[in-house]
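The next block holds one structure in the form of structure tokens; read it before the comments.
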Amino acid sequence: MANIGSVRRPFHRNSGQAFEPQVYWEGRHRTHHGSLRAVGHRQLSDEANAEQYRIKESRIIGMIRRHVPEPYGKALLDAGCGVGVLIPAYVELGFSVVGVDFSDTAIAQAQAADVSAQFVVSSLARLELGRRFDVITAIDVLLHIVADGEWADTLSSLSCHLKPGGVLIILDRFADHAEGWSSHCKPRPKDRYAATFADLGLQIVEHEQFSLEHEDALKDLFAVRHVTSEEPEGT
Ligand SMILES: C[S@@+](CC[C@H](N)C(=O)[O-])C[C@H]1O[C@@H](n2cnc3c(N)ncnc32)[C@H](O)[C@@H]1O
């Protein structure tokens with residue numbers, strides 16, 4: 001397994017306490033080990049979380065299929081994979097999958113599931129896999145990167161791991177319609193994503209919204225492509 005890089009420390013909103021993302025997530029994965037509360041909604045039952053995952057999976061797989069009609073043998077990086085709930089669906093499509101998360105506990109659980117994928121422990125901002133992917137998924141991850149510098153470094157790092165012509169699939173919540181979030185979340189406006197992507201040579205090419213039962217705020221699912229003059233690799 002790769003080593004985890006150090007993570008910068010934003011302040012815990014409302015409390016004045018330093019919020020330590022890696023400590024928060026490691027603790028959450030240990031506390032809710034074996035439960036979907038570790039990666040899903042903390043206040044929902046496993047059944048309700050499983051229902052939310054079914055809806056999310058169907059939307060995500062639909063968007064991947066639209067952008068990668070022939071996935072067999074292509075490489076997919078699941079960035080912030082948690083315990084790997086969505087990885088079997090990617091493997092089923094024919095992708096060769098690598099999952100990355102900065103929680104040792106989450107990655108150990110993902111590996112124990114015996115799914116055909118490789119796993120790496122690393123912070124996303126300091127990820128250095130030395131290879132590029134046809135697809136990168138970041139599902140319910142980026143809004144949890146509360147420090148702006150860490151968030152920008154993460155987008156840059158993901159961009160460096162994307163093949164020319166590759167697609168980044170992101171499930172998040174835009175700040176345009178999200179309010180009152182807790183300290184481990186920081187939704188950002190769609191314009192902010194678009195501007196940061198533009199600096200990286202990336203462009204949002206599809207955006208859809210959907211709702212989940214038991215939650216008021218809409219989810220934002222979007223596909224982002226390299227807009228580059230380089231030829232796509234291996235196509
Ligand atoms: C809400 S969970 C979602 C997990 C998974 N994507 C899913 O949909 O089941 C967020 C995950 O992102 C991981 N994470 C958060 N910030 C991260 C960072 N900076 N680098 C790597 N992993 C991170 C957490 O450990 C956690 O497993």
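Laboratory data are not the source of any read-out in this text; all were calculated from the coordinates shown. As the structure is a computational prediction, the values presented were derived from the model and not from experiment. Cβ coordinates were reconstructed from backbone atoms using ideal geometry, including for glycine residues, and neighbour counts include every protein chain displayed.
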Between region 65-97 and region 152-217, what's the alpha-carbon centroid distance in Å? 19 Å
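Can you show me the helix-derived [θ] at 222 nm for the chain, built from DSSP H runs with n ≥ 4 at -39,500 (n - 2.57) apiece and divided by the number of residues, rounded to the nearest 500. If you can, show how the numbers build up before the last one.
Details: 6 runs with 72 residues, N = 235.
Result for the chain: -9500 deg cm²/dmol, rounded to the nearest 500.
Let me check against my output: what whole-number percent is the relative contact order of the chain, with C-alpha pairs under 8 Å and at least 6 apart? Please list the in-between numbers first.
Details: 424 pairs, mean separation 41.1, N = 235.
In percent, rounded to a whole number, it is 17.
Is there a quick way to get the dipole size of region 17-57? I mean about its Cα centre, with the Cβ of Lys and Arg at +1 and of Asp and Glu at -1; what is the value in debye to the nearest 20?
Values: 6 positive and 6 negative charges, 10 e Å.
Roughly 40 debye for region 17-57.
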May I ask which residue of Gly34, His161, Tyr24 lies farthest towards the positive end of the charge dipole of the chain, with charges of +1 (Lys, Arg) and -1 (Asp, Glu) on Cβ and the Cα centre as origin? Tyr24
Cβ-based exposure ranking for Tyr53, Tyr72, in which fewest neighbours within 10 Å come first: Tyr72, Tyr53
So for R0 = 30 Å, FRET eff. of Glu47-Gln209 from the Cβ-Cβ r, to 0.05, ends up at 0.75
Among Cys185, Cys160, which comes first, then next, by fewest other beta-carbon atoms within 10 Å? Cys160, Cys185
So for Leu93, Leu142, fewest C-beta neighbours within 10 Å to most, what's the order? Leu93, Leu142
Looking only at lysines whose Cα falls under 16 Å of Lys74's and that sit 8 or more positions away or on another chain, we get Lys163
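Taking square-rooted eigenvalues a ≥ b ≥ c of the alpha carbon gyration tensor, is region 42-150 rounded, prolate or oblate, where a/c under 1.5 means rounded and, failing that, a/b exceeding b/c means prolate? Could you put the intermediate results ahead of the total?
Working: a/c = 1.33, a/b = 1.03, b/c = 1.29.
It comes out rounded by the Cα gyration axes.
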At 7 Å along the Cα-to-beta-carbon direction for both Arg54 and Val115, put a label point, then send me their distance in nm to one decimal. 1.8 nm
Rounded to the nearest 20 Debye, what is the dipole magnitude of region 21-226 about its Cα centre when Lys and Arg each give +1 and Asp and Glu each give -1 at the C-beta? 360 debye
Please name which of Ile136, Ile107, Ile87 has its Cα lying farthest along the dipole of region 21-226 towards the positive end, using unit charges on Cβ (Lys, Arg +1; Asp, Glu -1) and the Cα centre as origin. Ile136
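Is the C-alpha gyration tensor of region 21-226 telling us rounded, prolate or oblate? Criteria: a/c under 1.5 is rounded; beyond that, a/b larger than b/c is prolate, otherwise oblate. Write down the numbers at each step before the final one.
Numbers: a/c = 1.26, a/b = 1.08, b/c = 1.16.
Note, shape of region 21-226 comes out rounded.
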